[in-house]
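What follows is one structure encoded as structure tokens, with my remarks underneath.
The values are calculated or read from the model by the stated rules, or taken from the named source; none is laboratory data. As the structure is a prediction and not an experimental result, all values here were calculated from the model. Note that we place each Cβ from the backbone using ideal geometry, even for glycine, and neighbour counts take in every protein chain shown.
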């Protein structure tokens, strides 16, 4: 058996709201072997470990050098401190979004990964949504993008405002779709139920001429996760939650009136987080770039920070 045939030894660090799903899914991925569950709360670590057959640990330092990869789902404020020792050792790291609390911390992780040759991936799960994967090959020259990501008031992620909690998902998608730089930002945010922004809107202009209008809220009565994009002769709508895609295009034929054709596109449904973790494990095994790299995470964070800065100054 060659080294590449061996399962990737993985530990999950942080098994709260999201981390417990990392553990559940990694335990079932063919090319991975979940060897440890790490959480500072012993009972929580033990419960997740019992469900997966992994070892329960309360100090992440115990698995440094003992695993090939780690999935980090701890609070954003300690992403840098937990990820750094693994990257310095050359261990592959998947860190949940936002990649870090600050751009400076993110740059530190990128530098450490480059120095050791470690793989660094960012957990922008929506990029792995089958509906998004279906649409990406057809996105060529978007001119207008409109996004609504509305959620009910949560009991998590209140340490960061809605731009970094929710909107950053769509910023990552938009940056993957639009091949250009952001040249102008208009933004507004309102703190409603917390001392941080609970609802925000940003209007982004790109060097390509594309305009993106992005709204995110965590105080809505219903959950909405939709993106619509318009490009010459085509329109596409994605419902992230339902994993549904509608697409329409203008068909021109000589001597005939142009016709609009389209409708729902076939999407093979799957759990985005599972696809994200499978991609991470395969990237580690095959020594290739993950779908959403550390650099992608930094780019999304920088745009989120620019939007937040703009809201502070208006």
Selection count where residues are touching a residue at least 24 places away in the same chain (Cβ under 8 Å) and closer than 19 Å to residue 6 by Cβ, scope the stretch 53-69: 8
Filter result (under 15 Å from residue 109 (Cβ atoms) and surrounded by fewer than 20 Cβ atoms within 10 Å (Cβ to Cβ)) within the stretch 57-79: 77, 78
Subset tally (residues that are modelled with pLDDT of 95 or more and out of contact with any helix residue (DSSP H, G or I) (no Cβ under 7 Å at 6 or more places or on another chain)) for the stretch 62-76: 4
Unmet requirement for residue 252, which otherwise passes all of (1) in contact with a strand residue (DSSP E or B) (Cβ under 7 Å, 6 or more places away or on another chain); (2) not assigned by TED's automatic domain parsing to the domain that holds residue 116: (1)
Out of 222, 276, 271, sole residue that is surrounded by 15 or more Cβ atoms within 10 Å (Cβ to Cβ) and either touching a strand residue (DSSP E or B) at 6+ places or on another chain (Cβ under 7 Å) or within 29 Å of residue 308 (Cα to Cα) (or both): 276
Condition broken by residue 216, with the remaining ones in (1) surrounded by fewer than 20 Cβ atoms within 10 Å (Cβ to Cβ); (2) within 19 Å of the chain's Cα centre (by Cα); (3) in contact (Cβ under 8 Å) with a residue 60 or more places away in the chain satisfied: (1)
Residues of the stretch 19-59 classified as in contact with a helix residue (DSSP H, G or I) (Cβ under 8 Å, 6 or more places away or on another chain), more than 26 Å from residue 286 (Cα to Cα) and in a loop (DSSP other than H, G, I, E, B), total: 2
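Taking the stretch 137-157 on its own, how many of its residues are under 18 Å from the mean Cα position of the chain (by Cα) and at pLDDT below 95?
4
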Listing of helices (runs of 4 or more DSSP H) fully contained in the stretch 87-184 that carry 2 or more residues being free of Cβ contacts under 8 Å to residues at least 12 places away in the same chain and surrounded by fewer than 24 Cβ atoms within 10 Å (Cβ to Cβ): 103-116
